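In what follows, a single structure is set out as structure tokens and then discussed.
The values are calculated or read from the model by the stated rules, or taken from the named source; none is laboratory data. None of the values given here were measured: they were computed from a predicted structure. Virtual Cβ from ideal backbone geometry, glycine too; neighbours counted across all protein chains shown.
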Amino acid sequence: MITADKFLIPARELGFNFYTGTPCSYLKPFINYVIDADGFDFIDSVNEGDAVAIAAGATVAGKRAVVMFQNSGLGNAVNPLTSLTYTFNLPVMVITTLRGEPGGAADEPQHELMGQITTQMLETMKMKWAFFPQTEEEVMPALKAADDYMKATSQPFVFVMRKDDIAEYKLQKKTAPSQKAFNISHSDKFELDYSQREMRTPVLEKVQQHLGKDVAVIATTGKTGRELYEVGDRENQFYMVGSMGCALAFGLGIALCKPKLKVVVLDGDGALLMRTGSMATAGAYKPGNLVHILIDNEVHDSTGGQGTVTGGISFGAIAAGFGYPKIYSTDLINHFGEILDEVKSKNEGPVFVHLKTKKGSPEKLGRPKVTPAEVSVRFAKFVQSK
């Protein structure tokens, strides 16, 4: 057993000072120390997958990020670990606990199976892992091995933390950003019949025309990224593949680390439904430079046009409830252009824009000729230059 500082301070000396994740009783002293001590940033995430995406965004912004969660939530992190950090070569450090360890302390029944398969899952995902160091003498060799691996491969490294690896430490500070009482009402302003709305490509053309090349643009997975590439490939654009629903959390990680850079997330209705909780994190931490644009065509366009049940959902009202200070809703493309001009010139974020479109995309839609790894390198270079 070691105290939290015996690991965290040497890790900070290696640059690991951005932490995010979800609580676990095994992790309690670790998270508490990060929140209390100077020189660390801790972002409380609503789920494990979002935490991975936030850390990935922070990594793109030049931070060295650590994700912490209970192994019961490892399944929730599989998607971004296998299709975001792996695919785009984003080396985050992961610390997962080992609740239900075979032969270990008695635990709740829900941890029995996951305790048996945690390390097998990591190996199946081709993730390098090691048990968390249990003595002070083991800390630096363990950190060096993780650091060397991450630098050599640009891939994540996982520490598996067992019960009583870390000595007790009680929290002294508040655990989350305080929210002032608010009373925000929102009325949607959609004027057109479904058939009169624009499709997505003209919307993306507006994005490029009005926002230019000095903002970071993250396009959600599916046809949004592919169409944005076809409209015009730029180094300030990130075309997300896989990790569906993680675009906002990824953009949030960047926005928090680069407050002078305007960060624009182009989300989709199906994707946002999958991880709506990330809006709560954005609303709580309130990065003024974050613009969250939902392009809502009410279908899963890239998988055959199946409906997404968003026809009767007011995402603007949801954004208001999550504490977004500025909200727009429209289905008029010219009004959308005016909104883009306004949000580009102001820092009132997170801003939420709900744009209704109709389904459909170009008949012969191609795929980006730049690989995800190439996109990651040039996008990180752009972000870190700001």
Notebook entry, point to check: Got a sec? Which of Leu294, Leu256, Leu252, Leu248 is in a helix (DSSP H, G or I) and under 20 Å from Thr330 (Cβ atoms)?
Noted result: Leu248
Check: Are any residues in segment 77-125 under 24 Å from Ala380 (Cα atoms) and part of a loop (DSSP other than H, G, I, E, B), and if so, which ones?
Finding: Tyr86, Thr87, Phe88, Asn89, Leu90, Pro91, Val92
Note to self: Quick check on Gln208: is it surrounded by fewer than 20 Cβ atoms within 10 Å (Cβ to Cβ), without any contact (Cβ under 8 Å) to a residue 12 or more places away in the chain and over 21 Å from the mean Cα position of the chain (by Cα)?
What the structure shows: no
Checklist line | Hits in segment 1-55 (condition: closer than 30 Å to Leu272 by Cα and in contact with an Asp or Glu (Cβ under 6 Å, 6 or more places away or on another chain)) | finding: Phe18, Thr22
Margin query: For the list (1) in a loop (DSSP other than H, G, I, E, B); (2) closer than 30 Å to Thr153 by Cβ, I need the number of the one condition that Phe382 fails.
Written below: (1)
Checklist line | Given (1) farther than 26 Å from Asp41 by Cβ; (2) of a type in the set (Ser, Thr, Tyr); (3) buried (at least 24 other Cβ atoms within 10 Å of the Cβ), number of the condition Thr119 does not satisfy | finding: (3)
Item checked: Residue, surrounded by the fewest Cβ atoms within 10 Å (Cβ to Cβ), within segment 137-178, restricted to residues that are more than 21 Å from Thr118 (Cβ to Cβ), under 23 Å from the mean Cα position of the chain (by Cα) and modelled with pLDDT of 95 or more -> Lys151
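Return the residues of segment 222-243 that are assigned to a loop (DSSP other than H, G, I, E, B) and either of a type in the set (Asp, Glu) or surrounded by fewer than 23 Cβ atoms within 10 Å (Cβ to Cβ) (or both); say none if nothing qualifies. Step through it out loud before you land on a result.
Kept after step one, since they are assigned to a loop (DSSP other than H, G, I, E, B), are these residues of segment 222-243: 222, 232-236, 240-243.
Gly222, Gly232, Asp233, Arg234, Glu235, Asn236, Val241, Gly242, listed by residue number.
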Next item on the list: Could you pull out the residue among Leu294, Leu273, Leu290 that is without any contact (Cβ under 8 Å) to a residue 40 or more places away in the chain and either surrounded by 20 or more Cβ atoms within 10 Å (Cβ to Cβ) or in contact with a Ser or Thr (Cβ under 7 Å, 6 or more places away or on another chain) (or both)?
Entry: Leu273
Note to self: Can you pull out every residue in segment 191-206 that is in contact with a Phe, Trp or Tyr (Cβ under 9 Å, 6 or more places away or on another chain) and either over 17 Å from Asp269 (Cβ atoms) or aliphatic (A, V, I, L, M) (or both)?
What the structure shows: Val203, Lys206
